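Colleague: Dumping the structure here so I can ask a few things about it.
The values are calculated or read from the model by the stated rules, or taken from the named source; none is laboratory data. Since we're looking at a predicted model, the values are computed, not measured. All Cβ positions, glycine included, derive from the backbone under ideal geometry; neighbour counts span all protein chains shown. These accessible areas exclude ligands, DNA and RNA; they are computed on the full protein's heavy atoms, side chains included. Shrake-Rupley method; radii C 1.70, N 1.55, O 1.52, S 1.80 Å.
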Amino acid sequence: MPADHHEAPVLDALAAYKEKGQLGFSPPGHKQARGAAPAVRAVLGDAVFFGDVLAIGGLDDRRQTSGVLRRAEELMADAVHAEHTFFSTCGSSLSVKAAMLSVAAPGRKLLIGRDAHKSVVAGLILSGIEPVWVEPQWDPERHLAHPPSAGAFEKAFDTHPDACGALVTSPTPYGSAADLRAISEVCHRRSRPVIVDEAWGAHLPFHQDLPSWAMDAGADVCVTSIHKMGSGLEQGSVFHLQGDLVDHDTLASRADLLGTTSPSVLLYAGIDGWRRQMALEGHELLSRALDLAGSVRERIEKIDGMHVNDRLDFCGPGRAAEFDPLPVIIDISDLGTNGYRAADWLRAHHQIDMHIVDHRRISAQFTHADDDTTADRLLEALRDLSREAHTLGPAPVVEVPGPDELRPDQVCLPRDAYFSATEDVPAEEAVGRVAAEMMTPYPPGIPAVLPGERLTGPLLRYLRSGVDAGMNVPDPADPTLRTVRVCADGSGPGT
């Protein structure tokens with residue numbers, strides 16, 4: 001059937017459900033808001049409950065003969081130049097796991113950029129896949145990692161020719177993007193697939209002034225979060241497939257294995273509506289967003305103590321290949337404070353929530369939803385921060401390791417360490433022990449320590465000094481990192 005992007009099959013089916021007065025003697029138990037608590041209805045509104053129907057036996061009949069979801073996925077695939085698209089209501093955290101399990105299997109190797117999100121590590125723990133870590137490109141001046149180069153993947157394949165494929169994260173939450181075409185060529189010369197975790201790139205297919213879209217660059221599977229740079233609801237994700245290196249039915253089966261049997265039609269509707277919006281208006285909307293972000297960047301650059309990282313900072317030899325200007329990354333190190341304190345101050349004094357926050361940066365993520373009003377409010381808050389930064393006091397120093405100290409040895413598989421017998425020891429006694437948990441500064445959610453890695457003094461000093469300075473590390477058993485969970489002495493992997 002030819003693609004008509006004026007269609008929105010999920011939204012249309014929801015409207016028809018309401019118009020027909022469909023009566024469900026099935027979940028959800030609120031029964032179209034009638035059973036929801038009045039206080040909840042007052043806050044959420046009834047529209048949320050009206051859109052919350054069963055996907056099977058509600059939005060569509062029990063055998064899905066109307067093909068509502070299938071048609072919505074076909075339209076999405078057409079819009080982004082993929083052969084097949086799958087909707088997910090469990091976020092890209094599920095989507096990337098389904099992709100990994102479709103390419104590799106327990107005990108098999110997968111090349112993975114070490115700047116991968118914690119959801120990838122969770123996939124390793126669940127699956128028993130053996131990671132072959134590919135080092136990012138490290139900028140020692142800015143203490144920032146960019147995606148691994150194609151040459152790094154080439155070298156990893158030469159060393160591990162039995163690897164089943166590769167996984168690369170691009171763009172990063174900082175907006176730096178890999179040379180996906182070159183990485184795809186490295187993989188395809190060996191008839192190996194490449195998975196791109198493009199969670200931050202939902203907008204990329206719809207404007208030529210943005211980094212290369214993974215499907216256009218030759219990726220076999222691409223995972224993206226509609227809720228990050230798109231206008232879907234939180235947890236809305238899609239993953240796309242092309243070519244014959246990853247089997248369609250295997251990918252569908254892995255997604256079914258991991259996914260919920262009670263998907264939210266609200267999330268489907270958000271994905272479907274966003275696709276229609278982008279297919280019909282995306283270029284115009286993103287052109288305005290890019291113009292606005294460019295103007296904001298110029299104006300922030302004039303604020304005392306602030307520098308906006310741009311293409312010249314992030315791209316070039318040993319750095320990223322491409323650059324997304326919509327994540328506005330602001331280096332505030334000249335203000336004499338850190339990003340954690342600055343972000344907390346902006347929330348407390350201006351009710352503005354920043355995105356990426358680290359030891360020297362804050363970031364404002366712009367999308368097609370922003371306009372002059374939101375931009376002006378941000379700029380006024382940043383000017384006020386510049387004037388008042390002296391009141392924040394000297395920030396505690398975060399002891400960021402150098403590149404040679406950043407990566408510990410992987411002693412055993414993440415799965416084996418995670419499920420081993422464990423003990424919690426004082427952080428001072430953890431050096432040399434094997435970690436049994438992730439330690440992940442959040443955001444952006446890239447683990448500094450993985451299960452199975454041998455803990456080092458520089459890494460522990462970095463994380464503990466970061467926590468003292470305001471870093472959020474939510475996933476260890478002890479988020480203060482006074483104690484660390486390690487593999488118990490004398491316990492072998494899996495005991």
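Colleague: Being open to solvent by 40 Å² or more (accessible area, probe 1.4 Å) and either farther than 23 Å from residue 126 by Cβ or of a type in the set (Phe, Trp, Tyr) (or both) narrows it down to one residue among 383, 485; which is it?
Modeller: None of the others qualify; the one that does is 383.
Colleague: Moving on. Give the residue that is least open to solvent (accessible area, probe 1.4 Å), with candidates limited to residues of region 441-456 that are farther than 19 Å from residue 416 by Cα and out of contact with any Gly (no Cβ under 9 Å at 6 or more places or on another chain).
Modeller: Ranking the qualifying residues of region 441-456, first place goes to 445.
Colleague: Considering region 399-440 alone, what residues qualify as being at pLDDT 95 or above, part of a loop (DSSP other than H, G, I, E, B) and open to solvent by less than 60 Å² (accessible area, probe 1.4 Å)?
Modeller: 412, 413, 420, 421, 430, 432, 433, 436, 437, 438, 440
Colleague: So, in region 86-103, how many residues would count as being farther than 14 Å from residue 196 by Cα and β-branched (Val, Ile, Thr)?
Modeller: Residues that pass the stated criteria total 1.
Colleague: Report the residue count in region 459-470 for those that are open to solvent by 30 Å² or more (accessible area, probe 1.4 Å) and either under 17 Å from residue 402 (Cβ atoms) or hydrophobic (A, V, I, L, M, F, W, C) (or both).
Modeller: Residues flagged as open to solvent by 30 Å² or more (accessible area, probe 1.4 Å) and either under 17 Å from residue 402 (Cβ atoms) or hydrophobic (A, V, I, L, M, F, W, C) (or both) within region 459-470 amount to 3.
Colleague: Yes or no: region 216-227 includes at least one residue that is open to solvent by 20 Å² or more (accessible area, probe 1.4 Å) and of a type in the set (S, T, N, Q).
Modeller: no
Colleague: Which condition from (1) assigned to a helix (DSSP H, G or I); (2) of a type outside the set (Val, Ile, Thr); (3) more than 30 Å from residue 224 (Cβ to Cβ) is the one that residue 62 breaks?
Modeller: The number of the failed condition is (1).
Colleague: While we're on this one: Please work out which residue is nearest to residue 137 (Cα to Cα), limiting yourself to region 299-345 and to residues that are out of contact with any helix residue (DSSP H, G or I) (no Cβ under 9 Å at 6 or more places or on another chain) and aliphatic (A, V, I, L, M).
Modeller: 312
Colleague: Let me ask another. Of 336, 318, which residue is in contact with a Ser or Thr (Cβ under 9 Å, 6 or more places away or on another chain) and among the small types (Gly, Ala, Ser)?
Modeller: Of 336, 318, the one residue that is in contact with a Ser or Thr (Cβ under 9 Å, 6 or more places away or on another chain) and among the small types (Gly, Ala, Ser) is 318.
Colleague: Filter region 278-310 down to the residues that are outside any helix (DSSP H, G or I), within 13 Å of residue 324 (Cα to Cα) and charged (D, E, K, R) and list them by number.
Modeller: 310
Colleague: Kindly list the number of the only condition in (1) touching a strand residue (DSSP E or B) at 6+ places or on another chain (Cβ under 8 Å); (2) closer than 25 Å to residue 253 by Cβ; (3) open to solvent by less than 30 Å² (accessible area, probe 1.4 Å); (4) in a helix (DSSP H, G or I) that fails for residue 73.
Modeller: Of everything listed in (1) touching a strand residue (DSSP E or B) at 6+ places or on another chain (Cβ under 8 Å); (2) closer than 25 Å to residue 253 by Cβ; (3) open to solvent by less than 30 Å² (accessible area, probe 1.4 Å); (4) in a helix (DSSP H, G or I), residue 73 misses just condition (3).
Colleague: Filter region 148-173 down to the residues that are surrounded by fewer than 23 Cβ atoms within 10 Å (Cβ to Cβ) and in contact (Cβ under 8 Å) with a residue 60 or more places away in the chain, then identify the one that is nearest to residue 366 (Cα to Cα).
Modeller: Only one residue tops the list, namely 173.
Colleague: In region 91-108, is there at least one residue being open to solvent by less than 50 Å² (accessible area, probe 1.4 Å) and part of a strand (DSSP E or B)?
Modeller: No, that holds for no residue.
Colleague: For residues that are crowded, with 16+ Cβ neighbours inside 10 Å, more than 31 Å from the chain's Cα centre (by Cα) and part of a helix (DSSP H, G or I), tally how many sit in region 1-40.
Modeller: The number of residues fulfilling the criteria is 1.
Colleague: Ok, one more. Do the conditions hold for residue 369, that is, is it within 30 Å of residue 214 (Cα to Cα), under 20 Å from the mean Cα position of the chain (by Cα) and open to solvent by 50 Å² or more (accessible area, probe 1.4 Å)?
Modeller: The answer is yes for residue 369.
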